[in-house]
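These notes concern the structure reproduced below.
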Amino acid sequence: MLNVTFDSALRVFHLTNGAVSYVMRLYHEGYLAHLYYGKALPEPLNVESFFYETEREGAPQPHGHEFPRLFSLDTLPQEYPGVNAGDFRLPALEAAFDNGSRCVDLRYVSHRVLKDKPALTGLPAVFAGDRDSLTLEITLKEVAGELEVRLYYTLIEGLSLILRHSEIRNTGSKPLYLNNAASLSVDFLEADFDILSLYGAHANERNVERQPLKHGIEEISSTRGATSHQHQNFVALLRHDVTEFSGELYAATLVWSGNFKAAIERSSFDNTRLTLGINDKGFNWYLEPSECFTTPEAVLVYSDAGLNGMSQTFHTLVREHLTRGQWSHALRPVLVNSWEAAYFNFNEESIVRFAKDAVNLGAELIVLDDGWFGKRDSDTCSLGDWDRIDTRKLPSGLKGLADKIHALGAKFGLWVEPEMVSPDSELFRAHPDWALGVQGHSRSQQRNQYVLDLSNPEVRDYIVRVISAVLSSAPIDYVKWDMNRNLSEVGSPAFPACRQGEIATRYTLGVYDIMERITGAFPHILFESCAGGGRRFDLGLLYYMPQVWTSDNTDALCRQRIQYGTSLIFPPQTMGAHVSACPNHQVGRVTPLITRFICTASGTFGYEMDLGRLSPEDKEEVRAQIALYKELRETLQRGAFYRLISPFEGTRNETAWMHISEDGAELIAMYFKMQAEPAARLRRVRFKYLEPQARYEVVSHLHSSTPVHNIYLKEHNLKGQVFSGAQLMSAGITADRIDADAASCMWVLRRVD
């Protein structure tokens, strides 16, 4: 039930879709206040109960409210707070006007209801798709008359979330600077929350951290030019009793891939304010008269069913309302990538042999990674020289190689890194001004490369032209789009001094521009985003490319934590995951091949190794793995995903999750134990969301513990056993006894009709 109402007598806005309600009220001279966001409320509303006006020492009163001293902006739960007008908490909007003023005091002007969700020009955004939606547009004006703000609130039928973005327009006759423009600000009148965030580093992304909300300001942010390995563009406020399957929480993220900041302030009065948007550090947008700045879209999810309820909403949003094109819902092929198999040391003959061995075992897509262009024998040169195919390695060119791989019955994929340039490249020698740089400062290098200035339209046109030429030159079915460094010395000679504070933001907008043009021109290609692994795993990139290389770390134990944390927001279908060789190239660990397979199967599955170099026994195991994955692919990629045991809680030594097919007829559960323990208890894995009266038969039971490892260990295979849904949920299945490190097991069950 989608509805947006405005009670003109009470001056109350109520937005609801039957799942959530969002309530706002206009106070006094047009101050817009937030009253409620959460589970849907029936009409009529008694709004007097939401906000209690009372005197607070140290909270100043706006003009006209000196007596009685009850009303203050410093205690009002504002929808889009300004700055320097009596509210000392986190602002949503900061600006510097031509007359030197930095005071922003916003008041209501008008509103209207839009039947459709508006698109955001030049920005990725959620779309309603087959569901109905309603959008409320509220116009606010700065009291001095030089600035107008339009706030947008969109509800989509059936989804427990609200979408927010803002448009800020210069309505004066003189330029001004925006110093901060949040996509979302929301106030809570209480502070009994925990903060949940995802932190990490390269090859160690999206670790789950939960801690009580403290007084003062907490910040989760990136100034690296991307959402970053270090801090995910995401934050959640949890009631203290929230678990995986119960409790109330609010979670927010941006449809954005650049610098961001999520800030949470717990005030001295135990109110909480959450703001989310482009990071204001280094942000300085020069706004000419009549010009408008649009903030990225923010997604604010409400769940009263714990973290799982939050994740199901995010997963639905990504699958149905964000990813686009023919690959959005298509089953993904089993790929084999050449990187860890060969690095830069390959030629056409070796890649064809590599492909034959992989196809013989069941692979469907062969990917040639870095090293096919220029003189790229190492990572020290040639980035940018995409039009120079290395015919030393590939005498038949890309087309000749692609044709040979297609003749084997497989698809052909290619690695590119269009946003970067090597100092030792023909492109940089011809256009040194095309790299980001600041006058008077030397450029920093990371991975022997500079960043191309994507704020410059000329540079973007070059990238689109040369990459399109490569993709048109051969029958290419897949592209891995990499980005291997952070942004530093962020400046551009293409813009005047007054606009240098815009370059980091314009860079991200430039990424979107070239991705929109290239992916739109080649809709048949499956594009996978990569940024040194998971530097840029966010909703913004998924709008253009339906899957992301989750992490450069392919170790099966590390990947359990990385994929678990990633799944809080993103469904498995978006997560690139590969079985790699051992010892692992990132951490040197040796893990059973079956454990690497079971973990990787919960993603867009592939291999990162030379399958032809395996032993005959391992080849047969890989053949069986690929065959089983193809049999289960529909459920693994399209089914619902549920986390069962967290590697970040409890023993921190176990992980479990499960997939359920769309029709509920098939379930796949996976259990992992990182380190074997003496005299350890046997773990019962309890399933979720099955039909209690239904009966489920175990059709496959894989496990790494076998009598081969321990002569006293009895075979414990449940294949053929039948369980009721009630038993599987209440009593569960006892996992195999663990007799070695990096152990795992997987059960596949199908409903017995």
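The values are calculated or read from the model by the stated rules, or taken from the named source; none is laboratory data. What you are looking at is a predicted structure, and each value in this text was computed from that prediction instead of being measured. Cβ sites come from the backbone with ideal geometry, for glycine too, and all protein chains shown count toward neighbours. Only protein heavy atoms, including side chains, enter the accessible area calculation; ligands, DNA and RNA are left aside. Shrake-Rupley method; radii C 1.70, N 1.55, O 1.52, S 1.80 Å.
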Under the √(5λ) rule applied to the eigenvalues of the Cα gyration tensor, what semi-axes describe the equivalent ellipsoid of the stretch 408-488? Give them in Å, descending.
28, 14, 10
Can you compute 3J(HN,Hα) from phi for each residue in the stretch 402-413, using the Karplus curve 6.51 cos²θ - 1.76 cosθ + 1.60 with θ = phi - 60°, rounded to whole Hz and x for Gly and Pro?
4, 4, 5, 6, 4, 5, 7, x, 10, 7, 10, x
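Beta carbons within 10 angstrom, averaged per residue: use that to sort the peptides 491-497, 538-544, highest first. Present the calculation step by step, with values, prior to reporting the outcome.
Values: 491-497: 15.3, 538-544: 26.3.
Highest-to-lowest ranking by the protection proxy: 538-544, 491-497.
Normalised by the number of residues in the stretch 328-427, what is the relative contact order in percent for Cα pairs under 8 Å and 6+ residues apart? All intermediate terms of the calculation are to be shown ahead of the outcome.
Values: 149 pairs, mean separation 31.6, N = 100.
About 32 percent, as a whole number.
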So if I take the centroid of the Cα atoms in the stretch 390-469 and the same for the stretch 323-351, what is the distance between those two points in Å?
18
State to the nearest 20 debye the size of the charge dipole of the chain about its Cα centre, where the only charges are +1 on K and R beta carbons and -1 on D and E beta carbons.
1340
Ordered by residue, what ³J(HN,Hα) values in Hz, to whole numbers, does the stretch 490-498 give under the Karplus form 6.51 cos²θ - 1.76 cosθ + 1.60, where θ = phi - 60° and Gly and Pro are x?
7, x, 9, x, 7, 10, x, 4, 5
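From the C-alpha coordinates alone, can you work out the Kirkwood hydrodynamic radius of the stretch 437-540, in Å?
About 15.0 Å, per the Kirkwood formula over Cα pairs.
What value, in deg cm²/dmol to 500, does the helix sum -39500 (n - 2.57) over DSSP H runs of n ≥ 4 give at 222 nm once divided by the residues of the chain?
On the way: 12 runs with 136 residues, N = 753.
After summing the helix terms and dividing by residue count, I get -5500 deg cm²/dmol.
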Pull up all non-local amide H partners of GLY38: gap of 5 or more, or a different chain, and H-to-H distance under 5 Å with H placed in the peptide plane.
SER21
Give me the Å³ per residue figure for the convex hull around the C-alpha atoms of the stretch 1-78.
92
For the stretch 489-616, average projected area of the Cα convex hull in nm²
10.8
Would you please put 472-480, 13-21 in order of how densely packed they are, using the mean number of other Cβ atoms within 10 angstrom per residue and starting with the highest?
13-21, 472-480
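Normalised radius of gyration for the stretch 424-470, please: alpha carbon Rg relative to 2.2 N^0.38 Å, two decimal places. Don't jump to the answer; show the numbers that get you there.
Details: Rg = 11.5 Å, N = 47, 2.2 N^0.38 = 9.5 Å.
With N residues counted in the stretch 424-470, Rg over 2.2 N^0.38 Å equals 1.21.
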Please go through the stretch 22-66 and write out the GluC sites (Glu not before Pro) that DSSP classes as loop and that have at most 16 other C-beta atoms within 10 Å.
GLU29, GLU53, GLU55, GLU57, GLU66
Under the classification rounded if a/c is under 1.5, otherwise prolate if a/b is larger than b/c and oblate if not, where does the stretch 299-379 fall, given a ≥ b ≥ c as square roots of the Cα gyration tensor eigenvalues?
prolate
Residues meeting the amide H criterion for ALA743 (H placed from the backbone, H to H distance under 5 Å, 5 or more places apart or on another chain) are LYS673
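Starting from the residue with the highest accessible area, list LYS356, LYS261, LYS115 in decreasing order, probe 1.4 Å.
Details: LYS356 110, LYS261 35, LYS115 150 Å².
From most accessible down to least: LYS115, LYS356, LYS261.
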What are the extents of the Cα atoms of the stretch 180-315 along their three principal axes, listed from largest to smallest and rounded to whole Å?
49, 40, 26
Amide H neighbours of ILE389 under 5 Å, counting only residues 5+ apart in sequence or on other chains, H built in-plane at 1.01 Å?
GLY374
Binning at 5 angstrom from zero up to the longest distance, how are the C-alpha pair distances of the stretch 360-469 distributed in percent?
2, 11, 20, 20, 16, 12, 9, 5, 3, 1, 0, 0
Explain nothing, just compute: Karplus ³J(HN,Hα) = 6.51 cos²θ - 1.76 cosθ + 1.60, θ = phi - 60°, for every residue of the stretch 546-555 in order, whole Hz, x for Gly and Pro.
x, 8, 9, 5, 5, 6, 5, 7, 9, 4
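For a Förster distance of 41 Å, can you work out the FRET efficiency between the beta-carbons of ARG443 and ARG112, rounded to the nearest 0.05? Write out the running numbers ahead of the final one.
Details: r = 48 Å, r/R0 = 1.17.
According to the calculation, E is roughly 0.30.
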How long are the semi-axes of the equivalent ellipsoid of the chain, defined as square roots of 5 times the Cα gyration tensor eigenvalues? Whole Å, largest first.
45, 35, 21
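In percent, what relative contact order does the chain have, based on Cα pairs under 8 Å that are 6 or more apart in sequence? Intermediate results must be reported in sequence, preceding the final value.
Numbers: 1824 pairs, mean separation 71.8, N = 753.
Reported as a whole number, the value is 10 percent.
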For the stretch 20-133, build the charge dipole from Cβ charges (+1 Lys, Arg; -1 Asp, Glu) around the Cα centre, then report which of PRO124, VAL47, GLY82 sits farthest towards its positive end.
PRO124
Quick one: net charge of PRO423's neighbours, Cβ under 11 Å, K/R +1, D/E -1?
+1
